[in-house]
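Reading through the structure tokens given below for one structure.
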Amino acid sequence: MDTKEKEYIAVRNLTKKYRCKNNQEILVLDQISFTMREGEFLCIVGESGCGKSTLLRVMSGLDTDYEGKIIIGHTVVEKPDRQKGFVYQESRLFPWMTVRQNISFVLNEGSRWEKKEKAEEMLELIGMKEFGGSYPKELSGGMAQRVNIARALVNEPKVLFLDEPFGALDAFTKMRLQSELLKIKKQCNNTMLLVTHDMEEAVYLADRVAVLGGRPGKVLAMIDVDLEQPRDRGSAAFLEIRKKIHTFFTGGKDEIR
């Protein structure tokens, strides 16, 4: 960032430890620092076990046992709230509720009619208006994840955290939902952070990619993705950025210059 005025999210010297049953501490994240601008789409890429999901949980307020400081807007993150939505890899929909009920369930304000209207808006946003009365068991994996995203967005959060939301889907469904997520992003203009181990997914979606690596996890690089949308996954520019990211996991370089 050029100036602090452009900072919307600031992660400063974030360190996270877990205490084992034998009372021994394991350092998971070590001195993580970076900033984001409002409306930015940041993808966090790294191998399994480097602390990607832990970082997301801490930033969203779901885990408050850490050292350092996280600021969103002008507020220090101390707990979850309606300004922060979270999308898990698994849909976590209530099987006894319809799609419409699952979406409206998280709304804390408004009359029953207002909640239903808000749910209908979300169903239209994700292209599933005709499935409002369906139950989770009647949905495909991709459809369930769309509902999961709608439920995270229904309270109109300023920041949306996504923890490998497409990781369990087949390749074709994943690509389709990636494109749909970008349409949602354009319409809602949220700030988004998405964790993934899929380098192609990161380059396709992100304005910037944070490369997380090591144990304990550290930020190895912040890589700009200066490509217009929609992006061509087979273009030379796309593949070059993917190659830069891949280099960090093959021992070819220690940093981007």
Query raised in the report: Using a ≥ b ≥ c from the Cα gyration tensor of the stretch 188-257 (square roots of the eigenvalues), is it rounded, prolate or oblate, where a/c under 1.5 gives rounded and otherwise the larger of a/b and b/c decides, a/b for prolate?
Result: oblate
Query raised in the report: Amide H to amide H, which residues 5 or more places from residue 221 or on other chains are under 5 Å from it, using H placed in the peptide plane?
Result: 211
Requested in this report: Find out how many positive minus negative residues lie around residue 93, taking Lys and Arg as positive, Asp and Glu as negative, among other residues whose Cβ is under 14 Å from that of residue 93.
Outcome: +3
Report summary line: Per the helix-only model, the chain has a calculated mean residue ellipticity at 222 nm (DSSP H runs of ≥4, -39500 (n - 2.57) each, divided over all residues, rounded to the nearest 500) of -9500 deg cm²/dmol
Query raised in the report: In the full protein assembly as shown, how much of residue 246 is accessible to a 1.4 Å probe, in Å² to the nearest 10?
Result: 80
Query raised in the report: In the stretch 61-122, what percent of the accessible surface is made up of carbon and sulfur (1.4 Å probe, ligands and nucleic acids excluded)?
Result: 49
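DSSP loop (so not H, G, I, E, B), at most 13 other Cβ within 10 Å: list which GluC sites (Glu not before Pro) in the stretch 160-257 pass both filters. Walk me through the intermediate numbers first.
On the way: sites: 180, 200, 201, 228, 240, 255; in loops: 228, 255.
For GluC sites (Glu not before Pro) across the stretch 160-257 that sit outside H, G, I, E and B with at most 13 neighbouring Cβ atoms in 10 Å, the list reads 228, 255.
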Report task. Please arrange 128, 175 by accessible surface area, largest first, computed with a 1.4 Å probe and ligands excluded. Result -> 175, 128
Query - Compactness index (Cα Rg / 2.2 N^0.38 Å), the chain - result: 1.03
Query raised in the report: In whole percent, how big is the carbon plus sulfur part of the accessible area of the stretch 153-194, probe 1.4 Å, protein atoms only?
Result: 50
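Just flag the chymotrypsin sites (Phe, Trp or Tyr not before Pro) in the stretch 85-120 sitting in loop per DSSP whose Cβ has no more than 13 other Cβ atoms within 10 Å. Show your work: numbers first, answer last.
On the way: sites: 86, 88, 96, 105, 113; in loops: 88, 96, 105.
Counting only loop positions with at most 13 other Cβ atoms within 10 Å, the chymotrypsin sites (Phe, Trp or Tyr not before Pro) in the stretch 85-120 are 96.
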Requested in this report: Taking only Cα atoms and a 10 Å spring cutoff, compute GNM fluctuations for the chain and point out the largest among 95, 80, 165.
Outcome: 95
Query raised in the report: With every protein chain present, what is the per residue accessible area of the stretch 115-162 (1.4 Å probe, Å²)?
Result: 41
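The values are calculated or read from the model by the stated rules, or taken from the named source; none is laboratory data. Just so it is clear, the model here is predicted, and its values are computed rather than measured. Glycine gets a Cβ as well: all are built from the backbone with ideal geometry, and neighbour counts include every protein chain shown. Just the protein is used for accessible areas: all its heavy atoms, side chains included, with ligands, DNA and RNA removed. Shrake-Rupley method; radii C 1.70, N 1.55, O 1.52, S 1.80 Å.
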